[in-house]
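The values are calculated or read from the model by the stated rules, or taken from the named source; none is laboratory data. The structure presented is a predicted model; accordingly, all values stated were derived computationally and were not measured. Note: ideal-geometry Cβ built from the backbone for every residue, glycine included; neighbour counts use all protein chains shown.
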Amino acid sequence: MLKHLGLLLAGTLLFATGAGAQTAAKPAAAEWEAGKNYFPIDPPQPTASGDKVEVLEVFSYACSHCANFQPYAEQLKASLPAYASFSYMPAIFNAQWEPFARAYYTAQSLGVLEKTHQALFDALHRDHVPLRTIEDLAGFYAEHGVDKAKFLATAGSFEVESKLTRARELVKNFGVDGTPTIIVAGKYRVTAQAAGGYPKLIELVDYLAEKEHGAAAKPAKAAKKK
């Protein structure tokens, strides 16, 4: 009898230990603290994602940390539920970063962003290709099938200039002072340093996106009851 009781207690302890380990693997909502792990943006800024929760990475091709984060950005993109969307916004912290922001919006306008985004990171940070001016970057995109003259014309267009102006304004309003930084729903600013590393950042962004989606759903339910 004592032997069976001992085995039962041991099994119970083992189960409790395993359950505790599983619980610890995923942070509870209470573990994420506003002002410590993420930072509310006051006032909240408008988004461009319609009804979806916008997850926006503020980045620069010139930023080595952004290059290192890129695989995690892809992981984050894949982890987001259907009610959220992922997009990029280039930061311009100095004159050297401006051509890269201009190139981003030019590639977006020409429909080649998907096939050149990782390639430009690789050229700069893996292969150390000297790409510094918009003319240098036009040559890079020409190697990826973009007409050089068309690239330069688009880079100087009103459309691209307007997007650069808007990006400068939003990055300032978001309170972003380094890259990469993630903005959720125009309301929350998240960095890897505050979150506790890139994997934790992904978990935190998922949590904030879910939190925002839940908050948006409550008014809709209240309206239906009326």
Any idea which of (1) among the small types (Gly, Ala, Ser); (2) within 25 Å of the chain's Cα centre (by Cα); (3) on the phi > 0 side of the Ramachandran plot is the one Ser162 doesn't satisfy? (3)
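Condition check ((1) surrounded by 14 or more Cβ atoms within 10 Å (Cβ to Cβ); (2) over 16 Å from Phe86 (Cβ atoms); (3) β-branched (Val, Ile, Thr)) across all residues:
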| site | (1), (2), (3) |
| --- | --- |
| Ser162 | no, yes, no |
| Val171 | yes, yes, yes |
| Gly197 | no, yes, no |
| Leu201 | yes, no, no |
| Leu204 | yes, no, no |
Checked the stretch 83-118 for anything surrounded by fewer than 20 Cβ atoms within 10 Å (Cβ to Cβ), touching a residue at least 24 places away in the same chain (Cβ under 8 Å) and hydrophobic (A, V, I, L, M, F, W, C); matches are Ile92, Phe93, Trp97, Leu110, Val112
Unmet requirement for Thr47, which otherwise passes all of (1) under 18 Å from Gly186 (Cβ atoms); (2) surrounded by 22 or more Cβ atoms within 10 Å (Cβ to Cβ); (3) β-branched (Val, Ile, Thr): (2)
Based on this model, can you work out whether Lys211 counts as basic (Lys, Arg), at pLDDT below 95, in a helix (DSSP H, G or I) and surrounded by fewer than 21 Cβ atoms within 10 Å (Cβ to Cβ)? yes
When restricted to Ala78, Ala101, Ala73, Ala67, the only residue closer than 20 Å to Ile183 by Cβ, at pLDDT below 95 and part of a helix (DSSP H, G or I) is Ala78
